[in-house]
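The values are calculated or read from the model by the stated rules, or taken from the named source; none is laboratory data. Everything quoted here is computed from the prediction, not taken from an experiment. Reconstructed Cβ throughout: ideal geometry from the backbone, glycine too, with neighbour counts over all protein chains shown.
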Amino acid sequence: MTRSFVNILLLLPAVLMPVGIQAQALLAEEVSLQRQIEVVEATALRDMLLNEENVIPAAHMYPEWKNTTVHFKAALPDSFRIDLRGFVMPTSNTKITDIFGYRPRRRREHQGLDIKVNRGDTIYAAFDGKVRITAYQRRGYGHYVVVRHGNGIETLYAHLSKKLVSANQNVKAGDPIGLGGNTGRSSGPHLHFETLLLGKAIDPALMFDFKKQNVTGDFYVYRKPGTRYIENGKVKIAGPEAKYHKVRSGDTIGKIAKKYGVSQGIIFKLNKLGPRSIIKPGQRIRYQ
């Protein structure tokens, strides 16, 4: 066989090759391509997991990520819509033992809600997010956890008997993050639950209805007091932040009004009550 004839054979198109050889070549190419796809997919999955571990929820809003300070000062927006969809109630217990607001007998603000729980009850993450703080305060929160969420808020769970998560850990809504307890400055087993926006505590009752085991709506709009906004075509001004009084035995509307320096008429209007309305111990009465 001459050299020129061999060269011609080498240049023949693949279609002229025997069928068996063509099938083997195609199979080899397919196996090679599949391996390349698997390598690409594995790399993409690895990168996605690494990015998920490193992503800080609501990073565009918060100036930094610290595993220490719970409350801090930051510039609040005039208004901010908080997405409450995809929630899970932190506990299935429904009894509120203390409300958000000023405590006259202790002369300090209570920055969350207290919900009656038993020691060892499972406490759940309210939304998807990332654990920012797990710590212990002997004269404060006891064992507590702070989670930052993608909807812009942070939730705090305090007086736990045990923490089940670590700082910088990603969690999903409904993941167990702690067990109910009575640690820190606490007079009995309960969950102290806070909701914070850029370091500022907001009344959780504006977003979470523990008695109904539901949120108050798909969204909650925070508005800075004094901010002008348009609603139903009308310009409105956001009023002062709502403040409440927890009714105790012997309280009357008159006593509550005098205590906070407001008129009974304001209390009637804010609570949709009348002069003949009856209030009961444990009831929340808004006075501002």
- Note on the structure: Counting only residues that are over 18 Å from Glu241 (Cβ atoms) and either part of a helix (DSSP H, G or I) or basic (Lys, Arg) (or both), the range 260-278 contains a total of 5
- Task: Mind counting the residues in the range 132-150 that are in contact with a strand residue (DSSP E or B) (Cβ under 7 Å, 6 or more places away or on another chain), surrounded by fewer than 23 Cβ atoms within 10 Å (Cβ to Cβ) and in a loop (DSSP other than H, G, I, E, B)?
- Result: 1
- Message: Restricting to the range 213-252, give me the number of residues that are over 27 Å from the mean Cα position of the chain (by Cα) and within 18 Å of Gly101 (Cα to Cα).
- Response: 3
- Inside the range 173-223, can you point out the residues that are closer than 18 Å to Ile123 by Cα, hydroxyl-bearing (Ser, Thr, Tyr) and not in a loop (DSSP other than H, G, I, E, B)? Thr195
- Do any residues in the range 231-260 that are within 19 Å of Gly274 (Cβ to Cβ) and without any contact (Cβ under 8 Å) to a residue 60 or more places away in the chain have Cβ atoms under 7 Å from those of residues that are crowded, with 16+ Cβ neighbours inside 10 Å and among the β-branched types (Val, Ile, Thr), where the two are at least six apart or on different chains, and which pairs are they? Val247/Ile279; Val247/Ile285; Asp251/Ile279; Ile253/Ile267; Ile253/Ile279; Ile256/Ile267; Ile256/Ile285; Ala257/Ile267
- Kindly indicate which of Ala74, Ala135 is at pLDDT 95 or above and either among the acidic types (Asp, Glu) or at negative phi (or both). Ala135
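From the list Tyr244, Tyr229, Tyr260, exactly one residue is under 13 Å from Gln283 (Cα atoms), in contact with a Lys or Arg (Cβ under 9 Å, 6 or more places away or on another chain) and surrounded by 11 or more Cβ atoms within 10 Å (Cβ to Cβ). Which is it? Step through it out loud before you land on a result.
Working: Tyr229 fails: under 13 Å from Gln283 (Cα atoms); Tyr260 fails: under 13 Å from Gln283 (Cα atoms).
After ruling out the rest, the residue left standing is Tyr244.
Residues Gly239, Gly274: which one is modelled with pLDDT of 85 or more and small (Gly, Ala, Ser)?
Gly274
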